[in-house]
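Asker: This is the structure I have questions about; it appears just below.
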Ligand code: SF4
């Protein structure tokens, strides 16, 4: 596996042919995201590579990747770990035993539209069905977002559900990606949550600012900080190459505003399944003040079996990681198990 750092990739010569993104707002970056595989491969000098022949259109979960993320990929490298996370390839058509469209059986924890209530004390609020990037291994790639995209009365129903359950101390804004919603709406939503006395913590699970760092701007920081709720942002970064200078600056904006920043990653074959790669990720996160929180084993969602790593191999890798790093830099290796009272420690 290639383990070059983002810093060594981003030489001017390498990025000069990519469109500039420095002056673009996050909304412009979002609307300008690449949605055609031929365009992506051409930008990366891979249009004529064998990889181009394995690309497969997946109309239900099409390619989507913003340019700031593409710019961290290595040109000419068909095995680039960032490219592998976003390019739809023919392996997604494989029907693998045990892989299905709802691996976490979330449908049975969906008491009202927009709410996933699996664990005691906290609920997920599906804040936006959209994402800035389509990660090919996403366990919600088949989620029925059309049934969970809330109209005005359904927002009230979701808020009423939270208000009516005094055991709920924490609300997790999820999706899709919650930061795909606009800031006015998010500000209103957080105000509504803060008005519910038993809610104490707000958690935001997001990959959006990892792929478009300008998403964390003054408007976003305004609603993140103007609340009595204790706020935690959990980023989703799988590889050290995803952290370039713009991502580092984005993290500093969050941390400088007093927000706790954690990271969760997914263990993915041929992306981050080597001990050096995971070590580099933890160290790069910590350099930027982010604690590695979770390392998830892949959820068996159909279309993603080519990212799967056998359990014994995952355990061996984790043991190696423990031998390389101090305990506080070793994320917890976890598995989401349908019906379990919490995430299950896999080790
Ligand atoms: S950003 Fe998160 S929810 Fe969206 S596709 Fe990627 S993993 Fe799935």
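The values are calculated or read from the model by the stated rules, or taken from the named source; none is laboratory data. It should be emphasised that the depicted structure is a prediction, and the values quoted were computed from it without experimental measurement. Virtual Cβ from ideal backbone geometry, glycine too; neighbours counted across all protein chains shown.
Asker: Which residue is nearest to the ligand (Cβ to nearest atom), if the candidates are limited to region 164-180 and must be part of a strand (DSSP E or B) and modelled with pLDDT under 95?
Answerer: It comes out as 175.
Asker: Moving on. Just for region 68-112: of the residues that are in contact with a strand residue (DSSP E or B) (Cβ under 7 Å, 6 or more places away or on another chain) and in a helix (DSSP H, G or I), which one is nearest to residue 306 (Cα to Cα)?
Answerer: Once the filter is applied, the top-ranked residue is 86.
Asker: For region 119-149, name all the residues that are away from the ligand (no atom under 16 Å from the Cβ) and surrounded by fewer than 21 Cβ atoms within 10 Å (Cβ to Cβ). Walk me through it before giving the result.
Answerer: Of all residues in region 119-149, those away from the ligand (no atom under 16 Å from the Cβ) come to 119-123, 147.
Listed by number, the residues that qualify are 119, 120, 121, 122, 147.
Asker: If residue 318 satisfies every condition in (1) closer than 24 Å to residue 136 by Cβ; (2) surrounded by fewer than 19 Cβ atoms within 10 Å (Cβ to Cβ); (3) over 16 Å from the mean Cα position of the chain (by Cα) but one, which is the exception?
Answerer: Checking residue 318 against (1) closer than 24 Å to residue 136 by Cβ; (2) surrounded by fewer than 19 Cβ atoms within 10 Å (Cβ to Cβ); (3) over 16 Å from the mean Cα position of the chain (by Cα), the one that fails is (2).
Results for (1) within 16 Å of the ligand (Cβ to nearest atom); (2) crowded, with 18+ Cβ neighbours inside 10 Å, shown as yes or no for each residue.
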| position | (1), (2) |
| --- | --- |
| 231 | no, yes |
| 237 | yes, yes |
| 256 | no, no |
| 312 | no, no |
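Rundown of residues vs (1) under 23 Å from residue 26 (Cα atoms); (2) modelled with pLDDT of 95 or more; (3) in contact with a helix residue (DSSP H, G or I) (Cβ under 7 Å, 6 or more places away or on another chain), yes/no style:
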site	(1), (2), (3)
50	no, yes, no
55	no, yes, yes
60	no, no, no
66	yes, yes, yes
73	yes, yes, yes
79	no, yes, no
83	yes, yes, no
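Asker: Here's another thing I want to ask about it. Please work out which residue is farthest from the chain's Cα centre (by Cα), limiting yourself to region 190-209 and to residues that are within 16 Å of the ligand (Cβ to nearest atom) and more than 11 Å from residue 125 (Cα to Cα).
Answerer: 209
Asker: Which condition number in (1) buried (at least 24 other Cβ atoms within 10 Å of the Cβ); (2) within 16 Å of the ligand (Cβ to nearest atom) is the one that residue 241 fails?
Answerer: (2)
Asker: Give me the residue from region 239-258 that is assigned to a loop (DSSP other than H, G, I, E, B) and touching a helix residue (DSSP H, G or I) at 6+ places or on another chain (Cβ under 6 Å) and, out of that set, farthest from residue 65 (Cα to Cα).
Answerer: 257
Asker: Can you pull out the residues in region 35-54 that are in contact with a strand residue (DSSP E or B) (Cβ under 9 Å, 6 or more places away or on another chain) and either surrounded by fewer than 18 Cβ atoms within 10 Å (Cβ to Cβ) or outside the structural domain of residue 81 (by TED's automatic domain parsing) (or both)? Even if it seems obvious, please write down each step before you answer.
Answerer: Within region 35-54, the subset in contact with a strand residue (DSSP E or B) (Cβ under 9 Å, 6 or more places away or on another chain) is 35, 37-38, 40-41, 43, 51, 54.
Within region 35-54, 35, 38, 54 qualify.
Asker: Please go through region 210-229 and pick out each residue that is buried (at least 17 other Cβ atoms within 10 Å of the Cβ), away from the ligand (no atom under 16 Å from the Cβ) and closer than 21 Å to residue 124 by Cβ.
Answerer: 220, 223, 224, 229
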